[in-house]
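Each reported figure results from applying straightforward, stated rules to the coordinates on display, with no laboratory input. Predicted, not measured: the structure shown is a model, and the values here were computed from it. So basically every Cβ, Gly included, is an ideal-geometry build from the backbone, and we count neighbours across all protein chains shown.
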Amino acid sequence: MIKRLFVPLLFSVIALPAAGQPVSGVVYLEGPRPKRTPIALTPESRKLYDKHPLSEVKLVSARGEVQNVFVYVKKGLPVGKSFPAPQKGALVNQKKSMFRPRVQGILIGQEVSMRNSDPVIHNVRSLSSENRPFNIGQPAGTPDRRKVFKDKEGPIELRCDFHPWMRAYLFVMEHPCFAVTDAEGRFAINGLVAGNYTLAIWHEAFGEQEQEITVKADGLKGIEFKFKPVKR
């Protein structure tokens, strides 16, 4: 787990400075595609589906592209540069007994709304350490609850105690140079000026990696990360 860190086209990307160019790439998994197993739903959650849903822990395409990988610039940004929190808040939505989105990044000070869109009770428990942990109960039909994270941290695991398969991961960042891979494993980070950077990735099952990159005046395309299969 990453502690104290310093969208798909569907990428989750926060607005970046106008100066600079994009970097983009794909995250792959080597080896056989993981088998997705049915989720052990409770009876009230099973009623929300026509077809039994499968686990979303390891979402890998037929070509080996990995979804829900958090990609971020770990080193290389100007020291001391600050980024104001966006006025638009983020959302953690409990829908069909799943957290949506499963993985996302926010900036320090950005408001996060917790929403229950289901006709069943949920709660949001944060397993944070740098930020004050919380446990919010949200019966069906209750208003959104809002939180603001004041310290960098990630990933913060979010759980629902009523439905133990429900998981989400939140990264509280000091800068907006991050993205989350889409269903084709793609990511794009905008606004990087020419220079050398350390690009890092995180996945809840496949782990972490880093890669040194050099961004030219016209940006950088075709970055590839490759995870090794994990036996569990």
**OP:** Read through the labelled values (1) 53, 41, 33; (2) 55, 41, 27; (3) 47, 41, 36 and report the label of the one computed as Cα extents along the principal axes in Å from the structure.
**Re:** (2)
Subject >> Label point distance in nm, LYS221-GLU56, each placed 7 Å from Cα along Cα→Cβ >> reply: 3.0 nm
Original post:
Which length gain, in nm to one decimal place, applies between LEU91 and GLU208 when the Cα-Cα distance is subtracted from 0.36 nm times their residue separation?
Top reply: 39.6 nm
**OP:** Report the local net charge at GLU30: Lys and Arg +1, Asp and Glu -1, summed over other residues whose C-beta lies under 9 Å from its C-beta.
**Re:** +2
**OP:** Could you sort 188-196, 103-111 so that the peptide with the highest average Cβ count within 10 Å comes first and the rest follow in order?
**Re:** 103-111, 188-196
Original post:
Which net charge results for the neighbourhood of LYS95, defined as the other residues with beta-carbon distances under 9 angstrom from its beta-carbon, given Lys and Arg at +1 and Asp and Glu at -1?
Top reply: +2
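Which FRET efficiency value, to the nearest 0.05, is calculated for ASN196 and ARG36 with the Förster distance at 45 angstrom and r the Cβ-Cβ distance? Each step should come with its number before you reach the end.
Details: r = 38 Å, r/R0 = 0.85.
Computed FRET efficiency for ASN196 and ARG36 comes out at 0.70.
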Original post:
Near LYS228, which lysines are there with a Cα under 20 Å away, not counting those fewer than 8 places off in the same chain?
Top reply: LYS35, LYS58
Subject >> Inter-part distance where segment 139-216 and segment 64-128 are each reduced to a Cα centre, Å >> reply: 7 Å
Subject >> Segments 171-181, 208-218 sorted - mean Cβ within 10 Å per residue, highest first >> reply: 171-181, 208-218
**OP:** For every other residue with a beta carbon closer than 14 angstrom to the beta carbon of ARG115, add +1 if it is Lys or Arg and -1 if Asp or Glu, then tell me the sum.
**Re:** +3
Subject >> DSSP bridge pairs, segment 21-227: antiparallel proportion in percent, nearest 5 >> reply: 75 percent
